[in-house]
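Q: The structure follows.
The values are calculated or read from the model by the stated rules, or taken from the named source; none is laboratory data. This one's a predicted model, so the numbers in the text were calculated from it and none came from an experiment. Methodologically, a virtual Cβ is constructed for each residue, glycine included, from the backbone with ideal geometry; neighbour enumeration extends over all protein chains shown. For the accessible areas, the whole protein counts, side chains as well, though only heavy atoms, and no ligand, DNA or RNA atoms are used. Shrake-Rupley method; radii C 1.70, N 1.55, O 1.52, S 1.80 Å.
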Amino acid sequence: MPKVLVVDDDPHIRSVLCFALARDGFQTVEAADGLEALARFAESAPDLLLLDVLMPEMDGTEVCRRLRRSSDVPVIFLSSRDDEVDRILGLELGGDDYVTKPFSPREVVARVRAVLRRLQPPGPEAAADPVVQRGSLRLIPDRLEVFWAEAPVVLTVTEFAILRAMAAAPGKVFTRDALMTVAYPDRRVVSDRTIDSHVRHIRAKFASLGAEPIGTVHGLGYRFQAG
């Protein structure tokens, strides 16, 4: 049973989400603020976080920032603010998705399943996904591992999906619409700025290694460039 850490300072929201998740077969752990969230994360090793943005003690963006120093566990942000700047900030910090309050518990559960589905290894009857090797870049899909010249690069599930698609078709120009389909297989529509944010975050992680695996094709989109 996948385990979800539900972090929100509103006990009613925690109760509703935990009930919906448990009914759908998930284990749940609760935290009422950011500091408690970090403690519960260390204790329970959840498979995914539902993380409120605005909380006392420590807000959700700071929690995500600290987790990303050592973990690529998926994070879905919850927020009462529907400002695109806030959504982009959450994604740039390493969030995999963003849900605006008020929301349907069923929608949240569907988002959780969609993110976790991308983490599932193939069944015993399925052939293992081949390792993608492009120059100094190596991606191991079955383990969601990325290396550049043997140095590990920690990507979120969404970032991995984008880079994998581009590396699998070197030279092909991917429009933002095409990357939306890759990043959000549930066919949810997000803005161009959201895709740009994911690409910018991928680039920043490789920049520390002196690498730049994604090139911009002005007016069209992006494409992989081997190094």
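Q: Would you work out the Kirkwood radius for the stretch 3-119? I mean one over the mean of 1/r across all pairs of different Cα atoms, in Å.
A: About 13.8 Å for the stretch 3-119.
Q: What nm value, rounded to one decimal, do you get for the distance between Leu54 and Arg23 when each label is placed 7 Å out toward the C-beta?
A: So the two model labels end up 2.7 nm from each other.
Q: While we're looking at this one, here's another question. For the stretch 129-171, what does the convex hull of the Cα positions come to per residue, in cubic angstrom?
A: Per residue, the Cα convex hull of the stretch 129-171 comes to 63 Å³.
Q: With angles folded into 0 to 90 degrees, how steeply does helix 11-23 sit against the dominant principal axis of the chain? Use alpha carbons for both and round to 10.
A: The angle comes out near 70 degrees.
Q: Picking from Pro11, Ala45, Leu35, whose Cα lies most toward the positive end of the charge dipole for the stretch 1-54 (charges on Cβ: Lys, Arg +1; Asp, Glu -1)?
A: Result: Ala45, furthest along the dipole toward the positive end.
Q: Using the beta-carbon distance between Leu220 and Glu107 and R0 = 41 Å, what value does 1/(1 + (r/R0)^6) give for FRET efficiency, to the nearest 0.05?
A: Taking R0 as 41 Å, the efficiency between Leu220 and Glu107 is 0.80.
Q: Specify the residue with the greatest mean-square fluctuation among Pro130, Pro74, Pro213, computed from a Gaussian network of the chain linking alpha-carbon atoms under 10 Å apart.
A: Looking only at Pro130, Pro74, Pro213, the largest GNM fluctuation is found for Pro130.
Q: Here's another thing I want to ask about it. Percent of accessible area on the stretch 3-119 owned by carbon and sulfur, 1.4 Å probe? Could you put the intermediate results ahead of the total?
A: Details: 2480 of 5130 Å².
The nonpolar share, carbon plus sulfur, comes to 48 percent.
Q: With r as the distance between the Cβ atoms of Ser71 and Ala151 and R0 = 22 Å, compute the FRET efficiency 1/(1 + (r/R0)^6) and round to 0.05.
A: 0.75
Q: Provide the per residue accessible area, probe 1.4 Å, for the chain, rounded to a whole number of square angstrom.
A: 48
Q: Subtract the Cα-Cα distance of Glu62 and Ser44 from 0.36 nm times their separation in residues, and report this length gain in nm to one decimal.
A: The Glu62-Ser44 span can extend by a further 4.5 nm.
Q: Each label point is 7 Å from the Cα along the Cα-to-Cβ direction; what then is the distance between the points at Asp9 and Asp142, in nm?
A: Result for the modelled spin labels: 4.6 nm.
Q: Where the only charges are on Cβ atoms (+1 Lys, Arg; -1 Asp, Glu), what is the dipole of the chain about its Cα centre, to the nearest 20 debye?
A: 820
Q: Additional query: Where is the GNM fluctuation largest for the chain (alpha-carbon springs, 10 angstrom cutoff): Glu43, Glu62, Glu145?
A: Judging by the Gaussian network model, the answer is Glu43.
Q: Grab the eigenvalues of the alpha-carbon gyration tensor for the stretch 132-224, scale each by 5, take roots, and send me the semi-axes largest first in whole angstrom.
A: In descending order the semi-axes read 20, 14, 12 Å.
Q: Continuing with the same structure: Please state, as a whole number in µm²/s, the translational diffusion coefficient that the Stokes-Einstein equation yields for the chain at 25 °C and 0.890 mPa s, with Rh defined as the Kirkwood radius across alpha carbon pairs. Can you show the working numbers first?
A: Values: Rh = 18.2 Å.
So the translational diffusion coefficient is about 135 µm²/s.
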